Every structure is written in structure tokens, then in C-alpha cells.
1. Quick test for you: out of 121, 147, pick the one residue that is in a loop (DSSP other than H, G, I, E, B) and at pLDDT below 85.
2. Here are 123, 112, 71: which of them is away from ligand 2 (no atom under 16 Å from the Cβ) and touching a strand residue (DSSP E or B) at 6+ places or on another chain (Cβ under 7 Å)?
3. Among the residues in region 142-150, are any at negative phi, within 16 Å of ligand 1 (Cβ to nearest atom) and surrounded by 11 or more Cβ atoms within 10 Å (Cβ to Cβ)?
4. Just one of 135, 131 is within 16 Å of ligand 1 (Cβ to nearest atom) and either more than 28 Å from the chain's Cα centre (by Cα) or part of a helix (DSSP H, G or I) (or both); which is it?
5. Name the pairs whose Cβ atoms lie under 6 Å apart, with the first residue in region 84-101 and closer than 18 Å to residue 73 by Cβ, the second modelled with pLDDT of 90 or more and within 16 Å of ligand 2 (Cβ to nearest atom), and 6 or more positions between them or separate chains?
6. Among (1) in a loop (DSSP other than H, G, I, E, B); (2) crowded, with 17+ Cβ neighbours inside 10 Å; (3) within 12 Å of ligand 1 (Cβ to nearest atom), where does residue 97 come up short?
7. Need pairs with beta-carbon distance below 6 Å; first residue closer than 21 Å to residue 36 by Cβ and within region 1-20, second modelled with pLDDT under 90 and assigned to a helix (DSSP H, G or I); sequence gap 6+ or separate chains.
8. Given the criteria without any contact (Cβ under 8 Å) to a residue 24 or more places away in the chain and surrounded by 13 or more Cβ atoms within 10 Å (Cβ to Cβ), does residue 137 qualify?
Ligand SMILES: [Zn+2]
Ligand SMILES: [Zn+2]
């Protein structure tokens with residue numbers, strides 16, 4: 001599993017997010033236990049979604065006796081606070097990419113959508129208010145009480161689209177040069 005080389009800047013960012021999460025829990029009279037904090041730190045240290053099993057494996061490097069229920073309880077807590085999100089299709093977790101200040105009091109319940117790149121596996125969290133409204137209205141029109149919904153959009157990200165175009169024009173150029181050389 002890729003933990004990616006984190007710079008000290010990244011480490012500072014992770015510490016700042018952990019501190020903000022702790023503050024927020026304190027304000028709501030909820031305890032951010034050591035294990036919850038550790039699981040959040042592990043997820044934050046990944047740039048890509050990470051599965052529960054991988055989290056458990058990494059946790060066991062410091063807590064040899066960590067058991068699956070411990071991890072699942074911590075994940076449930078972090079999900080309920082909106083600090084992480086679950087990607088259903090990938091059965092994996094990713095840290096919320098927004099600052100807590102952005103969502104204010106709504107942070108634990110904020111609704112998200114994900115753009116998943118099939119090429120580089122980058123996952124981007126977006127907060128499209130109109131998408132949520134449309135889902136809520138459509139569900140309500142069917143008399144359906146919605147508890148939870150995850151919108152996951154698969155495709156090719158802007159960076160990969162850009163890289164692909166470059167690669168394609170490089171191939172064309174090589175082909176043309178090769179054809180010219182044939183004459
Ligand atoms: Zn989020
Ligand atoms: Zn991509």
C-alpha cells in the first residue's frame with residue numbers, strides 16, 4: 001500500500017487537521033480518543049482511498065493487538081463526524097478534503113460527491129449543492145425518505161486528459177517522422 005513520501009509541509013497540514021478535528025469534537029462534547037485520532041492520521045497520510053484492512057495492518061505496526069472491531073468503530077465515528085468519507089465502489093475511506101471552517105456547523109453532515117479517475121485513481125471530493133438538491137427533490141417526489149446517498153462519478157481527470165493528449169501527439173509525431181524516414 002502506497003503511503004507516499006510526505007513532506008514536512010504535508011505533516012504540518014495533517015497535524016493542523018488533527019488539531020482542528022479535536023477542537024471540533026471538544027466543542028461538541030465528544031471525545032477524540034487516541035485510537036480515533038490514530039486512524040484519522042493513517043487515512044490522512046494516504047493520498048488515495050484506503051481500505052479498512054490496510055488501515056488495520058498499518059495500525060498493527062504500533063498497536064499489535066488492534067482488532068477489526070476497533071478499526072470499524074473508529075471509522076464509524078470519523079464517518080459520523082464528516083472527517084472521512086466512504087467510497088462505496090472502492091470499499092475504501094478517504095479523508096474529507098475540506099477545511100472544517102468551510103462547512104461550519106454542518107461539517108459532520110455535509111454531502112459530497114466524488115470524481116474518480118479510472119486512469120491515475122485520483123479521487124476528488126466535490127460539494128455540488130445543486131446535485132444534492134436534485135437528489136433530495138427526486139427522492140421526495142417518490143415519497144422516499146433518504147438516509148444516505150453517495151454520488152461517485154467515474155471517468156478521466158483533467159491531468160490524465162492533458163497527459164493523454166500529449167502522449168497521443170508525441171506518438172503521431174514519431175509516426176510522421178518514421179514515415180518521412182521511409183522515403
Ligand atoms: Zn468532506
Ligand atoms: Zn487521472
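The values are calculated or read from the model by the stated rules, or taken from the named source; none is laboratory data. Note that the structure is predicted; figures quoted are calculated from it, not measured. Neighbour counts run over all protein chains shown; Cβ positions are idealised from the backbone, glycine included.
1. Numbers: 121 fails: at pLDDT below 85.
So the residue among 121, 147 that is in a loop (DSSP other than H, G, I, E, B) and at pLDDT below 85 is 147.
2. Working: 123 fails: away from ligand 2 (no atom under 16 Å from the Cβ); 71 fails: touching a strand residue (DSSP E or B) at 6+ places or on another chain (Cβ under 7 Å).
Being away from ligand 2 (no atom under 16 Å from the Cβ) and touching a strand residue (DSSP E or B) at 6+ places or on another chain (Cβ under 7 Å) holds for just one of 123, 112, 71, which is 112.
3. Keep residues of region 142-150 that are at negative phi, which gives 142, 144-150.
Still in the running and within 16 Å of ligand 1 (Cβ to nearest atom): 148-150.
If we keep only those that are surrounded by 11 or more Cβ atoms within 10 Å (Cβ to Cβ) as well, we get 149-150.
Yes; the residues of region 142-150 include at least one that is at negative phi, within 16 Å of ligand 1 (Cβ to nearest atom) and surrounded by 11 or more Cβ atoms within 10 Å (Cβ to Cβ).
4. Numbers: 135 fails: within 16 Å of ligand 1 (Cβ to nearest atom).
Every option except 131 fails the conditions.
5. As it stands, the answer is 85/94; 92/49, since those pairs meet every condition given.
6. Residue 97 satisfies all of (1) in a loop (DSSP other than H, G, I, E, B); (2) crowded, with 17+ Cβ neighbours inside 10 Å; (3) within 12 Å of ligand 1 (Cβ to nearest atom) except (2).
7. 20/100
8. On the way: without any contact (Cβ under 8 Å) to a residue 24 or more places away in the chain: yes; surrounded by 13 or more Cβ atoms within 10 Å (Cβ to Cβ): no.
No; evaluated as a whole, the condition is false for this residue.
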